[in-house]
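Everything on this sheet refers to the single structure shown next.
The values are calculated or read from the model by the stated rules, or taken from the named source; none is laboratory data. Not measured: the values here are computed from a predicted model. We place every Cβ from the backbone using ideal geometry, glycine too, and count neighbours over all the protein chains shown. Heavy atoms of the whole protein, side chains included, go into the accessibility calculation; ligands, DNA and RNA do not. Shrake-Rupley method; radii C 1.70, N 1.55, O 1.52, S 1.80 Å.
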Amino acid sequence: MFWDVRYECPQCGAPQDLDEATRLVLCHYCGVRSFLSASDLFRFALPHKGAVDAPYYVPYLRFKGFVFRCEGLSIHHGLVDITRRAVDVPVLPVSLGYRPQTLVLRHLNVGAKGIIFDNTLHREDASSLAARYTDNADKGEVFHRSFIGESTSLIYLPLLRHESQWLEGVTMTPLESLDDESIAGLSQSGPLSPLIFLSTLCPCCGWNLQGEKTSIVLFCPNCQSAWEAVGGGWEKVPAVSVVHAAQEDLFLPFWRITAESSDGLITSQADLIRITGQPALYPAEREGRPLSFIVPAFKMRPDLFLRLSRDFTLMKKPFDLCEGAPRNVFSPVTLNASDALESLPAVCATASAVRHLTFPILKGLRFICKEQALLFLPFSETVNELIQRDASIAILRQAVLMGKAL
Ligand SMILES: [Zn+2]
Ligand SMILES: [Zn+2]
């Protein structure tokens with residue numbers, strides 16, 4: 001579920017309501033294209049009905065993403081989309097419920113009027129919090145749990161003070177049990193960072209960067225470079241494509257993450273083969289070959305995400321690659337490389353043919369990224385499927401299209 005957010009064009013100030021996942025914005029009035037970015041988190045405020053223009057803003061953390069969990073001998077996965085109160089004031093609602101889905105939010109940034117409180121619940125708490133909504137009781141030992149949170153943001157609930165009473169500003173409902181002392185105990189947020197509007201001209205050659213509205217990486221069709229917004233500017237993302245693609249092929253983006261485990265026990269492809277108990281498919285020269293995972297850089301159903309990652313990561317023959325991003329990309333990049341890195345233990349679990357031996361190894365397992373690049377794989381189209389011929393892997397077209405709505 002996406003939320004509507006009011007956006008004002010940085011060039012002409014014209015308002016537009018867009019869904020919250022929109023990054024690439026075209027102003028219908030002045031025609032300027034900008035890319036929206038935030039230096040830490042996106043912050044949104046719910047609208048209030050009060051006459052004052054300076055309410056008190058209480059933060060709620062919003063987590064939206066996949067949860068993977070290895071428990072007993074099973075792999076569980078699910079989608080979560082929750083909000084949680086990010087301050088310790090128990091009389092305030094624990095979640096925002098359906099409020100954000102029915103209202104138009106606006107960005108809350110530097111210069112916002114009102115008292116804005118600091119959040120004591122942080123992005124890092126997402127994994128354990130999300131787990132509470134997905135764990136089954138007593139099914140077995142939990143060996144691994146990860147949260148692939150492609151969108152974590154702060155949503156602010158406005159409170160108003162009216163005739164010595166606190167009101168919830170969205171509905172103007174009195175908050176009977178909220179007292180001044182609880183509010184006085186909250187610390188105020190430091191200066192908020194500005195919303196960043198980046199120009200969509202290629203930093204390398206000046207051409208117009210291309211992407212879909214939810215793309216987090218834009219491509220230059222002229223110099224075939226790929227760009228990701230980092231801090232207040234564009235950073236070049238290494239991009240490689242398969243050499244022998246047919247003219248009519250479509251490309252899907254994947255992250256190729258060369259990684260090793262933080263304990264130094266899993267450093268090569270051969271190590272992955274061993275810990276996952278694969279049949280001896282690989283020749284001995286793979287022993288020293290670095291371990292490269294290949295995981296989708298686009299959202300799709302979590303079970304398909306894991307299966308595709310496993311199948312491409314375990315491929316026997318590496319792809320022949322050349323540098324640069326192709327022009328005909330079928331799906332935007334909507335997952336970043338750090339999310340891809342988070343998913344690697346779950347990919348190992350999915351690859352395992354001996355879960356009773358692999359799962360205990362996953363406990364506390366972390367991978368350290370040595371190198372990352374976007375890898376574009378060519379697929380031929382049939383009516384219902386996209387087929388990767390080198391790997392003999394088919395993906396339902398619909399699964400990729402539906403991933404755009406996740
Ligand atoms: Zn404009
Ligand atoms: Zn360029």
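Note on the stretch 26-86: Kirkwood hydrodynamic radius from all Cα pairs is 16.2 Å, rounded to one decimal.
The packing ranking of peptides 157-166, 56-65, highest mean first, is 56-65, 157-166, where packing means the average number of other beta carbon atoms within 10 angstrom of each residue. With only Cα atoms counted, the stretch 208-367 has Rg and Dmax values of 16.8, 52 Å. Phi angles across the stretch 14-31 convert, under the Karplus curve 6.51 cos²θ - 1.76 cosθ + 1.60 with θ = phi - 60°, into 3J(HN,Hα) values of 5, x, 8, 9, 10, 6, 4, 7, 5, 10, 9, 10, 10, 7, 6, 8, 9, x Hz, Gly and Pro given as x.
Using a 1.4 Å probe on the protein heavy atoms, what percent of the accessible area of the chain belongs to carbon and sulfur? That share works out to 51 percent. The mean sequence separation of alpha-carbon pairs under 8 Å and at least six residues apart, normalised by the residue count of the stretch 148-306, gives a relative contact order of 11 percent. Using the average count of surrounding beta-carbon atoms within 10 Å as a protection proxy, the listed peptides 330-338, 25-33, 102-110 rank, highest first, as 330-338, 102-110, 25-33. Working note: Karplus 6.51/-1.76/1.60 with θ = phi - 60° gives the stretch 158-167 the couplings x, 10, 10, 10, 9, 6, 6, 10, 8, 10 Hz, where Gly and Pro are set to x. Within the straight-line cut-off of under 19 Å between alpha carbons, the lysines reachable from residue 299 are 64, 213, 404, sequence neighbours fewer than 8 places apart in one chain being disregarded.
Reported to the nearest whole Å, the Cα centre-to-centre distance from the stretch 182-205 to the stretch 64-98 is 25.
Comparing 326, 47, 345 in a Gaussian network model of the chain (Cα springs below 10 Å), the most mobile by mean-square fluctuation is 47.
The mean accessible area for residues of the chain, using a 1.4 Å probe and ignoring ligands and nucleic acids, is 46 Å² per residue. For residue 298, nonlocal amide neighbours, meaning residues 5 or more places apart or on other chains whose placed amide H falls under 5 Å from its own, are 334, 335. For the stretch 238-403, the antiparallel share of DSSP beta bridges with both residues in that region comes to about 85%.
Considering only alpha-carbon pairs that sit under 8 angstrom and 6 or more positions apart, the relative contact order computed for the chain is 18 percent. Principal-axis analysis of the Cα atoms of the chain puts helix 302-313 at an angle of about 30° to the longest axis. Each 20 Å bin from zero holds the following percent of Cα-Cα pairs in the chain: 25, 52, 22, 2.
Computed over neighbours whose Cβ is under 14 Å from that of residue 303, the net charge equals +4, Lys and Arg +1, Asp and Glu -1. Working note: Karplus 6.51/-1.76/1.60 with θ = phi - 60° gives the stretch 80-94 the couplings 10, 8, 9, 10, 9, 4, 9, 10, 8, 10, x, 6, 7, x, 6 Hz, where Gly and Pro are set to x.
Normalised Debye scattering of the stretch 39-195 at q = 0.12 Å⁻¹ gives log10 I(q)/I(0) of -0.57, counting only Cα atoms as equal scatterers and leaving out solvent. Among 66-72, 318-324, the peptide with the highest mean count of other Cβ atoms within 10 Å heads the list, and the full ranking is 66-72, 318-324.
Using C-alpha pairs under 8 Å with a sequence gap of at least 6, the mean separation divided by the residue count of the stretch 257-406 gives a relative contact order of 31 percent.
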